[in-house]
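Here is the structure we will look at.
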Amino acid sequence: MAVEAHPSSPLWRMPGAPNRAPLSGNGGFMLAGWDDMPAVLAPDNPVVTYAVERRARLAQALPAELLIIPAGTARVRSNDTDYTFRPGTDHVWLTGNTVADSVLVIDTTGGEADAVLYLLPPSGRATDEFWQDPALGDLWVGPRPTLAETASALGLETRPLAALDADLAQAARRARRIRVVPTLDERVDDLVRGLCGPELAPHLLLKSTLDELRLIKNDWELAQLQLAVDATALGFEDCLREWDAARAAPRGERYLEGTFHRRSRLEGEGPAYGSVVGAGDHATTLHWTANDGPLRDGDVVLMDMGVELPSLFSADITRVFPVTGTFTPLQRDVYSIVLRAQQAGIDTLRAGVAFQDYQDACSRSLAADLIDLGLLRCSLDEALAPGNQYQRRWTISRAGHMLGMDVHDCNHAPVGSYLTGRLAAGHTLTVEPGLYFQRNDLTVPEELRGLGIRIEDDLVVTETASVTLSAALPRTPEAVESWMSALAP
C-alpha cells in the first residue's frame, strides 16, 4: 500500500531540477503545472450500439415512471481497503458505463426513454482532492473520465453526481412512480425512500423487468459468451500443464485456483465467481471455495470455474480430473452416470420446451441409474414423485441455470418467464447434473463415500436443438484422460 513520502525524500525532487521546499502548507504547488490528461474511455464501446434499444424496451415496459439504476459503490473489505469494484449488471447493460458511484436515471413520463447519467467529475485542480483523497484522487486511483468524454463515448447526456438530489426531487413531481434497482448504492436507496416511502415491491418489479429483458441474447452477446468460454478453456489447460506442481503443493487446490486466476485476469476481469477446486471429499461440497486441500493419488478433483470479460459476460464450466491422470473403475462408472444424465438434458433442449423439461430429463436419468446401483430401492415413478424426489439426496441442486452477464443470470425474472416458462432461441444456460456422496453418508457403500462428480457445459438454445459453447473441452472420461496425458508434463 502507498504511504505518504517524507517532504525531504528524493521522491520530491524533479529530475534535473534543484531541490525544492517541503510541500507542507503549500498545496498550491501541487495544484499547478499539470497538463491535461489523455482520454480515459475507449471511443468504440460496443454496448452503445445496443443500449439505446435496451433503454427503449425498458421504457415501453414501465411507462410514465422514473427509473433509477445505480452502478454501485465500492465495498469495504477490511478497515480502509475495498473489494475490487464490480459495477451493477443492469447499469452496464443499459449504458456501457463501469465507473463506480454513477447513477442512470431514465424518465419515461414523456413516452420515451429520456436518460441522464450522473457521475463524479474528475478531481480537477480546484481542490486538493486529486492528491489528498486516497478514495477519489487522481494520483491515488487514477483519473476519472470527464462528463463530456463520457457523453461522447456512451451517447448519453451526463450531469455531475452532485445534481442528482435536486433533479430527482423535481422529476418526482411528474412521475407516476419512482423505482430503483436496490442495494447497489445505499445513498441512492435512502434518497428514493425519502421521495416515495419504504415500500420495496415497486423496486423489485424494476429488477424483475430488467432480468426478463436480458434473458434472450443477441448475436453480439452470444459472441461475448463464446469468448468467455474460450478464455475459460485456456484456464483449464493452464491448470493441466501445472498439474504435477499442484500435486506436489501442500495446498494443491489453491495452486490450481491461483493458476486459473492468473489466466482469468489476463483474458478478462478475473474469475466470474469464487472458483471451486475440490479434491477428494471436498468435491461433494457444491460451493467449496476454501480450496485449501492437497491433491491425493486415487482421488478426483472437481473444478468449477469461469472467466468474466470486461463486458461482464461470464462462463461457468465444470470438469472432473483424476489426480493420477486415470480414473479408477468406480470413478469411471459414476462419471459415466453423470455424463448420461447431462446428455439426456442436452438432448431435451430446443425452443418451445419448458425450462423444467431438461431439469427433469437429468433427474430421470440419474434416478434410473441410482436404482440400478441399488441405492434407491423403489420404482422410477416412485423415486421421481413430487413428494419424494429421492435422487435429490445425492444430486442436491438443479441441473442448470441461465447464464450471461451474471453467472446465475436473470434470477429475478418473473417465474413464468424463467423457472416455469418455456425456452426460446437465444436463451443461454448451463447443464450441470452431479452426484455427491458425502463422506459420512451411511446409506451408500463405503467405497462411494467422499466421491463427487459434476459435469457442466454452457449452451445456447436454438429453434431445433442447442449449441454447446464449451464443446472444445473434453467431456467423456476417455477424452479427459487423453487431455491430461497431452498437457500434463
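The values are calculated or read from the model by the stated rules, or taken from the named source; none is laboratory data. This is a predicted model, so every value here is computed, not measured. All Cβ positions, glycine included, derive from the backbone under ideal geometry; neighbour counts span all protein chains shown. All accessible areas refer to the heavy atoms of the entire protein, side chains included, with ligands and DNA or RNA removed. Shrake-Rupley method; radii C 1.70, N 1.55, O 1.52, S 1.80 Å.
Would segment 255-266 turn up any residue that is modelled with pLDDT of 95 or more and part of a loop (DSSP other than H, G, I, E, B)? It would help to see each step written out before you state the result.
Kept after step one, since they are modelled with pLDDT of 95 or more, are these residues of segment 255-266: 255-266.
Now narrow it down to the ones that are part of a loop (DSSP other than H, G, I, E, B): none.
No; the residues of segment 255-266 include none that is modelled with pLDDT of 95 or more and part of a loop (DSSP other than H, G, I, E, B).
Counting only residues that are outside any helix (DSSP H, G or I), of a type in the set (A, V, I, L, M) and within 22 Å of Asp82 (Cβ to Cβ), which one in segment 116-167 is least open to solvent (accessible area, probe 1.4 Å)? If you could, list the steps in order and put the result at the bottom.
Going through segment 116-167, the residues outside any helix (DSSP H, G or I) turn out to be 116-128, 133-137, 142-146, 155-160.
Then keep just the ones that are of a type in the set (A, V, I, L, M); that gives 116-117, 119-120, 126, 135-136, 156.
So of that shortlist, the ones also within 22 Å of Asp82 (Cβ to Cβ) come out as 119-120, 135-136.
Details: Leu119: 1, Leu120: 45, Ala135: 72, Leu136: 48 Å².
My answer is Leu119.
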Sole exception among (1) acidic (Asp, Glu); (2) open to solvent by 40 Å² or more (accessible area, probe 1.4 Å); (3) closer than 29 Å to Arg393 by Cα for Glu237, by number: (3)
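Can you find a residue that is over 30 Å from Gln331 (Cα atoms), open to solvent by less than 50 Å² (accessible area, probe 1.4 Å) and assigned to a helix (DSSP H, G or I) anywhere in segment 450-461?
Applying the first criterion (over 30 Å from Gln331 (Cα atoms)) to segment 450-461 yields 461.
Filter once more, so that each one left must be open to solvent by less than 50 Å² (accessible area, probe 1.4 Å): 461.
The next check asks that each one be assigned to a helix (DSSP H, G or I); those that pass are none.
No; the residues of segment 450-461 include none that is over 30 Å from Gln331 (Cα atoms), open to solvent by less than 50 Å² (accessible area, probe 1.4 Å) and assigned to a helix (DSSP H, G or I).
I'd like to verify a number: residues in segment 79-94 that are exposed (fewer than 10 other Cβ atoms within 10 Å of the Cβ) and part of a loop (DSSP other than H, G, I, E, B), how many?
Pass one, segment 79-94, residues exposed (fewer than 10 other Cβ atoms within 10 Å of the Cβ): 79-81, 84.
Keeping just the survivors that are part of a loop (DSSP other than H, G, I, E, B) gives 79-80, 84.
Here the count works out to 3.
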Filter result (under 29 Å from Thr209 (Cβ atoms), out of contact with any helix residue (DSSP H, G or I) (no Cβ under 7 Å at 6 or more places or on another chain) and modelled with pLDDT under 95) within segment 86-131: Thr109, Gly110, Gly111, Asp114
Out of the residues in segment 288-345 that are among the hydroxyl-bearing types (Ser, Thr, Tyr) and under 23 Å from Glu253 (Cβ atoms), which is surrounded by the fewest Cβ atoms within 10 Å (Cβ to Cβ)? Thr326
Output yes when any residue across segment 172-186 is at pLDDT 95 or above and either assigned to a helix (DSSP H, G or I) or within 30 Å of Ala488 (Cβ to Cβ) (or both), and no when none is. yes
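Here is a yes/no grid of residues against (1) of a type in the set (Asp, Glu); (2) out of contact with any Leu (no Cβ under 7 Å at 6 or more places or on another chain); (3) over 30 Å from Arg422 (Cβ atoms); (4) at pLDDT below 95:
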site	(1), (2), (3), (4)
Leu161	no, no, yes, no
Leu195	no, no, yes, yes
Pro198	no, yes, yes, yes
Leu206	no, no, no, no
Asp230	yes, yes, no, no
Cys239	no, no, yes, no
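Going through segment 64-76 one residue at a time, which ones are under 18 Å from Glu186 (Cβ atoms), in a strand (DSSP E or B) and modelled with pLDDT of 95 or more? Don't jump to the end; show me each part of the working.
In the first step, residues of segment 64-76 are kept if they are under 18 Å from Glu186 (Cβ atoms); the result is 68-76.
Those still in the list that are in a strand (DSSP E or B) too: 68-70, 76.
Selection gives Ile68, Ile69, Pro70.
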So Glu199 clears everything in (1) within 24 Å of Ser102 (Cβ to Cβ); (2) open to solvent by 60 Å² or more (accessible area, probe 1.4 Å) except one condition, right? Which one? (1)
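Taking the condition at pLDDT 95 or above, in contact with a Phe, Trp or Tyr (Cβ under 7 Å, 6 or more places away or on another chain), among the β-branched types (Val, Ile, Thr) and within 24 Å of Leu459 (Cα to Cα), does Val276 pass? Talk me through it step by step, then tell me what you get.
Numbers: at pLDDT 95 or above: yes; in contact with a Phe, Trp or Tyr (Cβ under 7 Å, 6 or more places away or on another chain): yes; among the β-branched types (Val, Ile, Thr): yes; within 24 Å of Leu459 (Cα to Cα): yes.
Judged against the criteria, Val276 is a match.
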With segment 322-426 as the region, which helices (runs of 4 or more DSSP H) entirely inside it contain at least 2 residues that are among the hydroxyl-bearing types (Ser, Thr, Tyr)? 329-348, 355-373
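Okay, residues lined up against (1) in contact with a strand residue (DSSP E or B) (Cβ under 7 Å, 6 or more places away or on another chain); (2) open to solvent by 70 Å² or more (accessible area, probe 1.4 Å):
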residue: Thr348; (1), (2): no, no
residue: Gln356; (1), (2): no, no
residue: Ser363; (1), (2): no, no
residue: Asp369; (1), (2): no, no
residue: Glu382; (1), (2): no, yes
residue: Ala385; (1), (2): no, no
residue: Trp394; (1), (2): yes, no
residue: Gly400; (1), (2): yes, no
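State the number of residues belonging to segment 200-254 that are part of a helix (DSSP H, G or I) and farther than 21 Å from Ile317 by Cβ. Reasoning before the result, please.
As a first pass, look at segment 200-254 and keep what is part of a helix (DSSP H, G or I): 201-213, 219-241, 243-248, 252-254.
Of the ones still in play, those that are also farther than 21 Å from Ile317 by Cβ are 201-213, 219-220, 244-245, 247-248.
Total satisfying the criteria: 19.
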